[in-house]
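Below is one structure; the comments refer to it alone.
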Amino acid sequence: MDGIIQGLSNFRGTIFPGQQQMYQQLVRDGQQPQALIIACADSRVSPEHITQSGPGDLFVCRNAGNIVPPFSQQNGGVSSAIEYAVVALGVRDIVICGHSDCGAMKGLMNPEALGNMPNVAAWLRHSHAANRIVCEAYPEGMDPKERHRALALENVVVQINNLRTHPSVAAALARGGLRLHGWFFEIESGQVLAYCGDRGCFVPIDEATDVPVAQAPAARIATPEFAGLHAVAAE
């Protein structure tokens, strides 16, 4: 804790005085984050650091395995963060960010290692679909490192699908007011990959091109007799 307390002291004595006006404005004007990022709780993965964002820029929710449980009536921290970000804060982008060397995915690959962590094992059930995909759709006999990477990538896609089950997200998507993103941070290289929904795969984020999205804004309703009116309202 000594290092943490020293950092806190340095912030309060050296950093905060130069940024006090900014913090006062954040209190006065309220938060208006650019996006909700759901990332892993891994101490090596900091969304603010990776994106070089400042206070007030991001609404961040972190948990083991960057997991989004499918919507249910049982309240949970991730579900509440999603609902608040979409409904109260009006974010127009949600990013699910996985990463390399993820301990949660290692636990999913080796469930026997979770024998004394029943809560972690129960939490990871929300990633079982990703494990099933890798077991049945990928080649047999994969190198363990390749398998782990594939599992972490597929987990991001599975969590995007879970995200769509949340009513606030489904409604925002139907209005055309929300984009969904799937990112994968490679700790060892600093590279960030983005899931391209049109191509069904991850591609490197290149500053010279538009960032691929898992689901782009596309207003739609399923009822034919109202489809035309919806299109006019969305314009």
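The numbers here are math on the coordinates, done by the rules we state, and not lab data. Only a predicted model underlies this, so the values are computations on that prediction, with no experimental measurement involved. In this analysis, Cβ positions are derived from the backbone assuming ideal geometry, glycine residues included, and neighbour counts consider all displayed protein chains.
Summary of values
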item	result
Förster radius 25 Å - calculated FRET efficiency between residue 218 and residue 191, Cβ distance, rounded to 0.05	0.30
Mean residue ellipticity (222 nm) of the chain, computed from DSSP H runs ≥ 4 via -39,500 (n - 2.57), nearest 500	-12000 deg cm²/dmol
Contact order relative to length of region 33-234, as percent, for alpha carbon pairs under 8 angstrom and 6 or more apart	21 percent
Sorted peptide list for 18-29, 120-131, criterion being average Cβ within 10 angstrom, highest first	120-131, 18-29
Difference of contour (0.36 nm per residue) and Cα-Cα distance, residue 12 to residue 57	14.1 nm
Where labels lie 7 Å past Cα in the beta-carbon direction, separation of residue 113 and residue 32 in nm	4.5 nm
By average C-beta atoms within 10 angstrom, highest first, the peptides 162-169, 151-158, 112-119, 59-66	151-158, 59-66, 162-169, 112-119
Separation of the residue 89 and residue 20 label points, Cα + 7 Å toward Cβ, nm	2.7 nm
